[in-house]
Amino acid sequence: MLKKETYFLIFIFIFSFLLRALFFISFLNKDKNYFTGDWNDYNTVALQIYENNKIANSSGEPQFLRLPLYPIFLGLNYKLFGKESPKTLWVQIFLASFIPVLIYILAQLIFNNFFVSCLSSFISSVHLGYIFFSGILMSESLFLILFLLFLILFFKNNFFYSGLTLGLASLVRPVGLYLIILSIFIIFLKKYNLKIKFKNIFKLFISWLLVISPWVLRNYLLTGFIFLTSFSGQHFYTFTANYIYANVNKVDYVKAKQDLQNIASKKIKILENNKNRRLYCIEKCKIYENLSINYILKHPGLFIKHASINILKTMLFPFFTELYYVKDFNDTFACPANNLKEAFSKFYIPKSDNLFLLIYMYLDLLIFLFLFIGFCGFIILIIINNNFLKYLDIFLIYLLFIFITLACGYPRLRLPVEGFIIILASYFYNKIYLKFYHFGVLSNIRDHKN
């Protein structure tokens, strides 16, 4: 079995790399389509690392909005291959080709079933979400690798090293703080005695803290505040507060954004005059957060509606809709649909003049439907078998990544837990196959006896 497994993993890595390379050459590398989404934030910091060896904005001032690890990854590659070089993305594509291998290992840990693990790995190798984000200047692939390593080590009860990898993942995406809290909660749920629980929590937390502390210390020394990132306030203000303000005042998105920016700017100006200095990024973040909370408390109904829509968008939109961000598309993902029919047409019927992309978009839609049915089937299966608690840790992690998208919903935000969806769906289809296979075998035996 070990030899068979090794051959399969070598095949799946090569197959994954070739698919990602084909997609990059055929589409992303044309006209620099890999410059998409939040790339400019990461690229700006990476160029400062490349040119001046410091984590800073284009003005040279210290940068606090984005976490440092992905810009460092880009900056080091720029030093090797030249700034904004596609060779950097070839390194990323190579590393991202290990994701299906990691999903295989994770599936083996959860179910210890060769067929389920192979099917999970194969689906992840052809999955558009994993392929697309492997070849663009965004942090998804690096975070996925670190997050999958964390899950593998965590499920192996190797809490010290899982804490280290979670610390690294926490320096790529701002979800790390929520994950460490949830991980501690999951350890409490495990069937250990209290002493072992606290010992494991200590190992996890101290190793996580060991990794993130240099970045937190840097931020404290520069600002006097303890924080990982100043991203959350601006994020909620731009999306949640904007949505509520636009609906209450009957204005469009652009007008709402301008008005809110003016409101925030006035508050920032008053505080800067009182303090007789410019506010730090984290102080502005607190202002954005307070203003957002104020709008949420005044209009809880609108907030719940907005949050629910975004969570459903994260859960139920196929990954091909992420392509609407790419400049070669005339459409944009952010454009609202006027009615249900238009929304269905926009987000569930692929459209592209590029035949290669169109074929892959339809493949993604089929994979999405296949996984959605399989995932729902798995949930029904474990409820019928009264086995839900066995997989509670998986569903808690899944729900965390889904519910933190309440301000802004996109399919890419479920990408970290897409591996769980693939694995659980694969298990369900394996069960269905075995049931029909055994039914067929028994029927043949009965027919033979008759």
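The values are calculated or read from the model by the stated rules, or taken from the named source; none is laboratory data. Quick caveat, the model's predicted, so the values are computed rather than measured. Note that each Cβ is placed from the backbone with ideal geometry, even for glycine, and that neighbours are counted across all protein chains shown.
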(request) Can you work out which of the residues in region 177-200 that are surrounded by 15 or more Cβ atoms within 10 Å (Cβ to Cβ) and free of Cβ contacts under 8 Å to residues at least 40 places away in the same chain is farthest from V417 (Cα to Cα)? (result) K197
(message) Condition first: in contact (Cβ under 8 Å) with a residue 60 or more places away in the chain, of a type in the set (S, T, N, Q), under 14 Å from E84 (Cβ atoms) and not in a loop (DSSP other than H, G, I, E, B). Now tell me which residues in region 23-47 satisfy that.
(response) N43
(request) Would you kindly identify the helices (runs of 4 or more DSSP H) lying entirely within region 181-295 that contain at least 1 residues that are at pLDDT 90 or above? (result) 194-223, 242-249, 253-275
(message) Among (1) surrounded by 23 or more Cβ atoms within 10 Å (Cβ to Cβ); (2) of a type outside the set (V, I, T); (3) closer than 17 Å to L400 by Cα, there is one condition P174 misses while meeting the rest; what is its number?
(response) (1)
(request) Specify the residue that is surrounded by the fewest Cβ atoms within 10 Å (Cβ to Cβ); the eligible residues are those in region 413-450 that are β-branched (V, I, T) and modelled with pLDDT of 55 or more. (result) I432
(request) For K156, state whether it is out of contact with any helix residue (DSSP H, G or I) (no Cβ under 8 Å at 6 or more places or on another chain), among the charged types (D, E, K, R) and either over 28 Å from Y325 (Cα atoms) or surrounded by 21 or more Cβ atoms within 10 Å (Cβ to Cβ) (or both). (result) no
(message) Quick test for you: out of I394, I382, pick the one residue that is touching a helix residue (DSSP H, G or I) at 6+ places or on another chain (Cβ under 6 Å), in a helix (DSSP H, G or I) and free of Cβ contacts under 8 Å to residues at least 12 places away in the same chain.
(response) I382
(request) Could you check, for region 258-267, whether at least one of its residues is touching a residue at least 12 places away in the same chain (Cβ under 8 Å) and over 21 Å from L65 (Cβ atoms)? (result) yes
(request) State whether one or more residues within region 69-86 are under 21 Å from G176 (Cα atoms), in contact with a Lys or Arg (Cβ under 7 Å, 6 or more places away or on another chain), in contact (Cβ under 8 Å) with a residue 40 or more places away in the chain and of a type in the set (A, V, I, L, M, F, W, C). (result) no
(request) Report, by residue number, each residue of region 346-359 that is out of contact with any Pro (no Cβ under 9 Å at 6 or more places or on another chain) and in contact (Cβ under 8 Å) with a residue 40 or more places away in the chain. (result) N354, F356
(request) Can you run down the residue pairs with Cβ atoms below 8 Å, 6 or more apart or on separate chains, where the first is in region 217-233 and farther than 17 Å from R277 by Cβ and the partner is surrounded by 14 or more Cβ atoms within 10 Å (Cβ to Cβ) and of a type in the set (D, E, K, R)? (result) T229/R66; F231/R66; S232/E289; G233/K284; G233/K286; G233/E289
(request) Restrict the check to region 299-316 and report whether at least one residue is in contact (Cβ under 8 Å) with a residue 40 or more places away in the chain, among the β-branched types (V, I, T), part of a helix (DSSP H, G or I) and over 30 Å from S134 (Cβ atoms). (result) no
(request) Those residues that are surrounded by fewer than 18 Cβ atoms within 10 Å (Cβ to Cβ), polar (S, T, N, Q) and farther than 14 Å from I152 by Cβ, I need them from region 103-130; list them, please. (result) N113
